[in-house]
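Reviewing the structure listed below.
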């Protein structure tokens, strides 16, 4: 099986100022076309470290994907290290990339500086895949068998995620053209509302009976729930498809409607599909989630088909003045109450004319809680012409994670309401 | 200087289903107390791979921080690998962690299952730091000099970010108690609105004259702009502080108000500080950014002091019906126009009674553009009693990144308006 390592270069990652999201996208893409990622590695902007680490990865893997360290600025030194690693005696200018550099900068109304032009210069030992999204070209170094004990290819991609991901399809095309690829078989099921350990208990008997070469992984996420991934590596592709399908069917029988999707999915995509199919619309009234639910809805391309809009009523004056929550409700029950979220949900549905609505009011923290209404408390309301229901939940996390949990729980409650009512 | 490696264990990372955010937080914390992170590594849930890779890291580093692979489920095998690596001949139950497990599960109303209890069982070769945020204890393995050529400590943390970060202060305390730490000196300056290559050009002369041991890094981010980080490693602490201070002053002279903060900061925090100091309030009217600006405002603890709320007017009916945008404006100029965002900004300021407001309307893509109004076009409006201004910007990214750029550009425009008007 073709094996790959993904290496990220940049001091900014080692000192924790940025999170490496490229490696995750790249490994997902490699896996999907049958390349097994064995390691991911992040190292600093240090010439000798780059050379020794990349040589080490090339010895152990067929493919090494490098991101980062190609910027126009003085702290980026990957290119010189790759020139040395590949034994280049000089540089050449890649004319296609130079043209792209001119196009990009002139489209942005910027002058083409010497440091921009220098980005089209590459070690003579590499092939170039043009980078259409940015100025640094993708460099491909092919090492013969005698160098690292097997033939190995190194791809150097820019570190800017938008550019790295933009180049990925071209890199995959090159990998497919140069390596004989076997297959990996995965199935993903998305669940929400049941903790990892409780899911594991439900699945214990089935999991113990799984064949040796099959493997179930649990991937908890505050926004999307616990993702279950069933995998087989290697072997005969057709047979594996049928075997993994059979085990997936058993899994679905055990978990029932805890599963909300059979692909790598989100609650907002799932809700969007249901609403589109039924020709229904939705709106939101947010207090403690502060726009997060709205941003989740609108992250889905085409969401304007069913999502009308929202009111973030952070101040009580907006709850009463815009959403029409009776001041008496807030005076008697407080803004964090079932009565208030019911009025918010009804209010935004009336205001926007949507078929469904969802509302939140809670205490995300760090301050502001009381014994009766602790930090982590959220009231969620969902409304449609069939009725308005409210739910009280408590989480025990920090502000960011509480907001995420509030928002995703609200979407799951909305999902279940839609599922029930559209089935009727 | 004390050196550390951070290792993440889990197939879910290698196949790209989750992004490793722990390593970034951990390295930031280690750097801040003078530990230099030399490498980050991600490996799969494979017994032999875990042992050989961790032994390799322990040989090269004083400290190895491991996250992941400690869940209650069957795919997590880190603990057994650590037992073998440390030569443990058996396990013992950590009573403090067992108590926490009971507390956590009963607070959540869950039964304590055998797989939960098993999490309190640890190799007899380790010390335990209790994990108060979750069920898996933090294990500390101290290896004597003869084992890896120098004394080395391995910390095993849970993979769930909330738990890993919750345990971090205790781990740092243990590191400080057991290692003599030197210092790293950093200064961070946040800039917005000028591209990396143009910044580099502005700073070229100054950067060329920097002393050998000082280093400037450029860290572009769509939401927060280009972060500049000036560093010195090692040496005498007091002297370094003065030297880095002097260079930072020069940098500030060159860049002027392109710099919006001198700490690791965000536009929304910066705006919040200005509004709080002036006793002013703000609201937002969002179309294409769909709640993202509101979520950015409310991500700041205490934002209720100055942030009143927002309307996400995704449908035109919400623009006219809730925000009071004249239907004639939309008919004549379209929803994506300067006239429309001006009316949206004025409308939400009137509706909420805020001092300032910001509004967006644009085309995030992937579909929906035209020659005159391409995908990536955004109109931004800002309003106060001093007046309403509109701006037209065009970006050339995918949906997610366009939304981020729209939102952060809107915040930067708002920041400059507040800065100008509050100075008056």
Original post:
Which of the residues spanning the stretch A:6-56 are surrounded by 23 or more Cβ atoms within 10 Å (Cβ to Cβ), more than 9 Å from every other protein chain (Cβ to nearest Cβ) and either out of contact with any strand residue (DSSP E or B) (no Cβ under 7 Å at 6 or more places or on another chain) or more than 20 Å from residue A:162 (Cα to Cα) (or both)?
Top reply: A:35, A:50, A:54
Subject >> Complete set of residues in the stretch B:275-301 that are within 20 Å of residue B:353 (Cβ to Cβ) and under 22 Å from the mean Cα position of the chain (by Cα) >> reply: B:293, B:294, B:297, B:298
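Only one residue in A:338, A:365 is at pLDDT below 95 and assigned by TED's automatic domain parsing to the domain that holds residue A:294. Which one?
A:365
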Original post:
Hey, residue B:222 hits all of (1) within 11 Å of chain A (Cβ to nearest Cβ); (2) out of contact with any strand residue (DSSP E or B) (no Cβ under 9 Å at 6 or more places or on another chain); (3) surrounded by fewer than 19 Cβ atoms within 10 Å (Cβ to Cβ) but one; which does it fall short on?
Top reply: (3)
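Conditions (1) assigned by TED's automatic domain parsing to the domain that holds residue A:352; (2) buried (at least 16 other Cβ atoms within 10 Å of the Cβ), marked per residue:
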position: A:238; (1), (2): no, no
position: A:251; (1), (2): no, yes
position: A:257; (1), (2): no, no
position: A:280; (1), (2): yes, yes
position: A:285; (1), (2): yes, yes
position: A:288; (1), (2): yes, yes
position: A:294; (1), (2): yes, yes
position: A:298; (1), (2): yes, yes
position: A:307; (1), (2): yes, yes
Subject >> Residues (under 30 Å from residue B:305 (Cα atoms) and surrounded by fewer than 24 Cβ atoms within 10 Å (Cβ to Cβ)) located in the stretch B:348-375 >> reply: B:350, B:351, B:353, B:355
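Having 2 or more residues that are more than 26 Å from the chain's Cα centre (by Cα) and more than 14 Å from chain A (Cβ to nearest Cβ) is the bar; report the strands (runs of 3 or more DSSP E) wholly within the stretch B:121-195 that clear it.
By residue number, B:121-123, B:127-129, B:138-143, B:152-157.
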Original post:
Could you say whether any residue in the stretch A:95-112 is touching a helix residue (DSSP H, G or I) at 6+ places or on another chain (Cβ under 9 Å), crowded, with 18+ Cβ neighbours inside 10 Å and closer than 19 Å to residue A:7 by Cβ?
Top reply: no
**OP:** From (1) over 22 Å from residue A:310 (Cβ atoms); (2) within 14 Å of chain B (Cβ to nearest Cβ); (3) at pLDDT 85 or above, pick out the condition that doesn't hold for residue A:249.
**Re:** (2)
Original post:
Out of (1) under 30 Å from residue B:301 (Cα atoms); (2) buried (at least 19 other Cβ atoms within 10 Å of the Cβ), what's the single condition that is false for residue A:326?
Top reply: (2)
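The values are calculated or read from the model by the stated rules, or taken from the named source; none is laboratory data. Predicted model only: the values in this text are computed from it and were never measured. Note that each Cβ is placed from the backbone with ideal geometry, even for glycine, and that neighbours are counted across all protein chains shown.
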